[in-house]
Amino acid sequence: MMRALEDIFELTDSILPNGAIRVIFFCEVEDRAYEIFYYAIFPNDIRKQCYELVEQGEIDETDLDENFDKIATFIRNSSSFNPDKRNVVTIEVEGSNERVEIEHVSKDVGLYGIKKNWKMKNL
């Protein structure tokens, strides 16, 4: 059964860091590969990437990787997934406000450029 992309938030709750006022996920998902990470924004505009939080012992790396696997599978099974494109999904959680959007990008476009544009737009 195809699920709506908006149902993805149930997979993010358990890996959100304590004290963050905004968390924004970058998800680039294809048929057989994906790259997912997030940035947490704390008071005083302190920004930390999820793997920085792992190094500091604030987030468990195994939980993070398992949840990123579930998020990638969820995106592949959503009605919005396009197997012929790079599916770039942005998930944002800010208090009780949640936002998700998907962009379909040609596989000819390099991931570095996609991430650079995403950071300029979202951070």
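The values are calculated or read from the model by the stated rules, or taken from the named source; none is laboratory data. Remember, predicted model here, so these are calculated numbers, not experimental data. Virtual Cβ from ideal backbone geometry, glycine too; neighbours counted across all protein chains shown. What goes into the accessible areas is simple: the full protein's heavy atoms, side chains included, and nothing from ligands, DNA or RNA. Shrake-Rupley method; radii C 1.70, N 1.55, O 1.52, S 1.80 Å.
Please state which of the following conditions Asp45 fails to meet, knowing it meets all the rest: (1) of a type outside the set (Phe, Trp, Tyr); (2) surrounded by fewer than 15 Cβ atoms within 10 Å (Cβ to Cβ); (3) under 29 Å from Asp108 (Cβ atoms).
Going through (1) of a type outside the set (Phe, Trp, Tyr); (2) surrounded by fewer than 15 Cβ atoms within 10 Å (Cβ to Cβ); (3) under 29 Å from Asp108 (Cβ atoms) one by one, Asp45 breaks only (3).
Specify which of the listed residues (Ile102, Ile75, Ile114) is over 19 Å from Pro17 (Cα atoms) and not in a helix (DSSP H, G or I).
Ile102
Could you list all residues from the stretch 102-123 that are acidic (Asp, Glu) and loosely packed, with under 12 Cβ neighbours inside 10 Å?
Asp108
Taking only pairs six or more apart or across chains, which ones have beta-carbon atoms under 7 Å, a first residue in the stretch 97-123 that is of a type in the set (D, E, K, R), and a second residue that is in a loop (DSSP other than H, G, I, E, B)?
Close Cβ pairs (under 7 Å, with a partner that is in a loop (DSSP other than H, G, I, E, B)) amount to Lys107/Lys85.
The rows are residues; the columns are (1) exposed (fewer than 12 other Cβ atoms within 10 Å of the Cβ); (2) among the hydrophobic types (A, V, I, L, M, F, W, C); (3) part of a loop (DSSP other than H, G, I, E, B).
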| residue | (1), (2), (3) |
| --- | --- |
| Asp65 | no, no, no |
| Ile71 | no, yes, no |
| Ser80 | no, no, yes |
| Thr90 | no, no, no |
| Glu98 | no, no, no |
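Say we look at the stretch 8-42 and pick out the residues that are touching a residue at least 60 places away in the same chain (Cβ under 8 Å) and outside any strand (DSSP E or B); which of these is most open to solvent (accessible area, probe 1.4 Å)?
Among residues in the stretch 8-42 that are touching a residue at least 60 places away in the same chain (Cβ under 8 Å) and outside any strand (DSSP E or B), the one most open to solvent (accessible area, probe 1.4 Å) is Ile21.
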